[in-house]
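Contents: one structure, followed by commentary.
The values are calculated or read from the model by the stated rules, or taken from the named source; none is laboratory data. It should be emphasised that the depicted structure is a prediction, and the values quoted were computed from it without experimental measurement. With ideal geometry, Cβ positions are generated from the backbone for all residues, glycine too; neighbour counts draw on all protein chains shown. Just so you know, the surface numbers come from the protein's heavy atoms only, side chains and all, with ligands and any DNA or RNA stripped out. Shrake-Rupley method; radii C 1.70, N 1.55, O 1.52, S 1.80 Å.
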Amino acid sequence: MKRADRKTGSGATLRAARWRTGPVVASVAGAALVVFLGVTTVLPRPTVAGLLGLVVVAICLAALYHATVAESFAPVAVTFWAFVGVWVGFAPLLQIRDRRLPWPDLPLYQHYVTAQVILILAVTAYWAGYARRLPAPRQVSSGRLRVTVEKAIVLTGLALVMAVVCLPRTGGLAVRFTSRDDLQRAIEQAGLRGGQDLALLGLFSTLPAATSVVALILCLLCWRNRGYADARARLILTLATAVAVALNLVYNNPLTANRFSSFSVMLAAGLALVRLRRQRWRTLFSVGMLLGLAVLYPLANLFRNDRSRGNLRLGLDAYYTWDFDGFQQTVNAAFYVDSQGHTWGHHLISALFFWVPRSLWEGKAIPAGNVVADSRGYEFQNLALPFWAEVFVEFSLVGVVVLFFCYGKLARRLDRALNSSPAHLPVALAVIFAACQIGLLRGPLGAQIPFVGAAFVVLLVGVLGWRGRIWGLTRPDETAATAGATEPATEPSEPAAESSEPTEPAEVPR
């Protein structure tokens, strides 16, 4: 046997050994972590709710590992499991052990187990839906689905016009770089808060912010496709991208925007521009999501106001603050249903039709988080309400299972779309959803859907409203390829999806 053949055979043997030992090492490490958490958080004060919380952590760790080492990049699944594992997996273990919940009120121990059962049903149904194989992808042949340089420029120009018109109505440019409290005072002085009717606020603030995000995503997808026709088109796309970045710094910076909007924009930019093909980068993405949610998420309160900076807690002490009130709000949701019953879609329908003014719809519901907080007598009622808790309030445990199973199937489709090339409308939709998913999971939907829904509507109108290329800025061969392109014939989870890079050796999960 030649020396090169021996080296090749040795490398193949090493890769095969890693395939066999990787899951074993991960299983041992995960089991050790779960045992450690059980000894330190559950055993000191054993409860059924604490034990169920440990089950949630185990499910999240196993699913996160599975999503991380999949053959294709799965940011929707990774983001879901990382957020659930930290926010309502690990944090409640400490809160239950120390009997110290974020909001000081009379404890509702009788609903702790119900809250954990709701969460377990949600995550298992999601995983079951995600694990189902998808049908063969359909061809993407419509020119309207293409992401072109022309569409990116039009959306960027529209976002710029909106900013020029709307910024003076919301306090001006300078107030966007002060604090969130200063921005809210400027908005109130401008008369954009008519009681509970926020239609004007959405028109002059939320819509320009959402349009800026969509413009940035389209510009970055054009860069990822290398779809510019020539040097002139490249220069125009560069200017449009610079304008889109500047607009997002104005509308979605962490000083005056909420944490989820700022984080969503940064995550969307990364997902639109970069496709993580190598396993080490996917692992770093998953680890980064965990550390970001566990450490950076509470630290983001530094940008909020002086009161938040003064009350900032670090380390494990941060998990007893309102930043991690997901478990308590799920408990409060169980209490609300026990005393008031289910609402049967009233809040969800109101959230979906957020654009209808209350002056035209007197029975329009306020966000479900406010209603649940009010049932507990909280003075401050603009609180989070986890998606599974809101679904339980609306549709009972059956609704939780059905909706989260469908949610898992949707997440699988979005992850597959993100790995397709070249980029088209489904890719852009998947980028927005993956980036905004954390805010939707934290809830309530009535508070989160206005921004996310506006972004989806702007994206659909901006992409579908243009039939073809008339300015000569999009590369002709790219346009032709996109018009007749099909998504990969196999699901991205199969090794064939990674075979397009012959210059690099095949990577295997470590």
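Go through the stretch 67-81 and give me each residue that's closer than 16 Å to W281 by Cα and either aromatic (F, W, Y) or in contact with a Cys (Cβ under 9 Å, 6 or more places away or on another chain) (or both).
F73
Just name the residue that is nearest to V123 (Cα to Cα) out of those in the stretch 367-396 that are open to solvent by 50 Å² or more (accessible area, probe 1.4 Å) and either touching a helix residue (DSSP H, G or I) at 6+ places or on another chain (Cβ under 8 Å) or β-branched (V, I, T) (or both).
My answer is F395.
Do we have A12 as among the aliphatic types (A, V, I, L, M), out of contact with any Cys (no Cβ under 8 Å at 6 or more places or on another chain) and at pLDDT below 60 here?
So A12 fits the description; yes.
Kindly check whether there is at least one residue in the stretch 407-429 that is of a type in the set (S, T, N, Q), open to solvent by 10 Å² or more (accessible area, probe 1.4 Å) and under 16 Å from the mean Cα position of the chain (by Cα).
Within the stretch 407-429, none of the residues are of a type in the set (S, T, N, Q), open to solvent by 10 Å² or more (accessible area, probe 1.4 Å) and under 16 Å from the mean Cα position of the chain (by Cα).
Pick from T330, T321: which is at pLDDT 90 or above and either in contact with a strand residue (DSSP E or B) (Cβ under 8 Å, 6 or more places away or on another chain) or open to solvent by less than 30 Å² (accessible area, probe 1.4 Å) (or both)?
None of the others qualify; the one that does is T330.
Pairs needed: first member in the stretch 218-245, at positive phi and modelled with pLDDT under 90; second member anywhere, of a type outside the set (S, T, Y) and open to solvent by less than 60 Å² (accessible area, probe 1.4 Å); C-beta distance under 8 Å; at least 6 residues apart or different chains.
Matching pairs, first to second residue: R226/E478.
Give me the helices (runs of 4 or more DSSP H) completely within the stretch 77-179, filtered to those with at least 2 residues that are in contact with a helix residue (DSSP H, G or I) (Cβ under 8 Å, 6 or more places away or on another chain) and surrounded by fewer than 16 Cβ atoms within 10 Å (Cβ to Cβ), ordered by residue number.
Output list reads 112-131.
All but one of (1) of a type outside the set (D, E, K, R); (2) modelled with pLDDT under 95; (3) open to solvent by less than 30 Å² (accessible area, probe 1.4 Å) hold for L43; which doesn't?
Failing condition for L43: (3).
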